[in-house]
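Laboratory data are not the source of any read-out in this text; all were calculated from the coordinates shown. From a predicted model like this one, the values you see are computed outputs, not experimental measurements. FYI the Cβ positions are ideal-geometry reconstructions off the backbone, even for glycines, and counts take in every protein chain you see.
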Amino acid sequence: MTNHDLDASIIKKYDQLKKRVHEIEQDNSDIHSKLVRAQRHVKRLRMERLILLEQLDQYYSSHKDHMETSDSDDSDEGTSLGSLLSDARSKHAHKRKRVRHGDKSGNTKNASGKSQETPTMPRKKKDPNAPKGPGNVFFLYCRMERGNFKDELPTENLGEVTRLLGQKWKAMTDDEKKVKS
């Protein structure tokens, strides 16, 4: 084999490896975008689950008397819809508390580093007829400015416009934010 043949084979091998690296990078990019979409989907499904649990709880509380009489007649295991709802809600609250405040066992650590049990507080039921509180300042800002952005960028979707508004909001000083709101 001559020196020229050896150089050509090395260049060919280099080009093949470079092409393979590019393919792998493209595959990684595709997988990453699929993962991000899946994470968004899971987050949305969790929110929908919470909303459905709340709606089911409201329905149950409004029809409680009728359901309790029918549950006691039809129930062979002694479980009612209310007990199933409260079990599901407490499991979800326990998971949230564990993720926010502690380790996998549901314990938190005090100042001395010793682990202590976290008490589970029952959630207060929200009155559906209660007036809504004041809106978040950022959301009020978005509501006022969204029309201006839509005029400037008619091809962008709502999510993109909101993302741009968020960037603009972060760049503002506290004084500018007070004037806008």
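Just a few scattered comments:
- Annotation for the stretch 133-156 versus the stretch 1-23: alpha-carbon center distance of 55 Å.
- Each label was represented as a point 7 Å from its Cα along the Cα-to-Cβ direction; for Glu25 and Asn148 these points are 3.9 nm apart.
- Theoretical gain in end-to-end length, Ala8 to Val42 [0.36 nm per residue, Cα-Cα removed]: 7.2 nm
- Cβ-based exposure ranking for Leu53, Leu45, in which fewest neighbours within 10 Å come first: Leu45, Leu53
- Backbone HN-Hα couplings from phi across the stretch 32-43 [Karplus 6.51/-1.76/1.60, Hz, Gly and Pro as x]: 4, 5, 5, 5, 4, 4, 5, 5, 4, 5, 4, 4
- Taking a Cβ cut-off of under 14 Å around Pro128, the surrounding Lys, Arg, Asp and Glu residues balance to a net charge of +1, with basic ones at +1 and acidic ones at -1.
- Net length available on complete extension from Gln58 to Lys124 is 22.5 nm, with 0.36 nm assigned per residue and the Cα-Cα distance removed.
- Using a cut-off of 29 Å between Cα atoms, the listed pairs Lys125/Lys177; Lys132/Lys177; Lys125/Lys150; Lys150/Lys170 include Lys125/Lys177; Lys125/Lys150 as exceeding that distance.
- Karplus 3J(HN,Hα) series, Hz, for the stretch 56-61 with 6.51 cos²θ - 1.76 cosθ + 1.60 (x for Gly, Pro): 5, 5, 5, 4, 5, 5
- Whole-Hz couplings from phi, Karplus 6.51/-1.76/1.60, listed for the stretch 11-26; x for Gly and Pro: 5, 4, 4, 4, 5, 5, 5, 5, 5, 5, 4, 5, 4, 5, 4, 5
- Per-q log10 I(q)/I(0), the stretch 131-181, q = 0.25, 0.31 Å⁻¹ (Debye; single scatterer per alpha-carbon; no solvent): -0.97, -1.23
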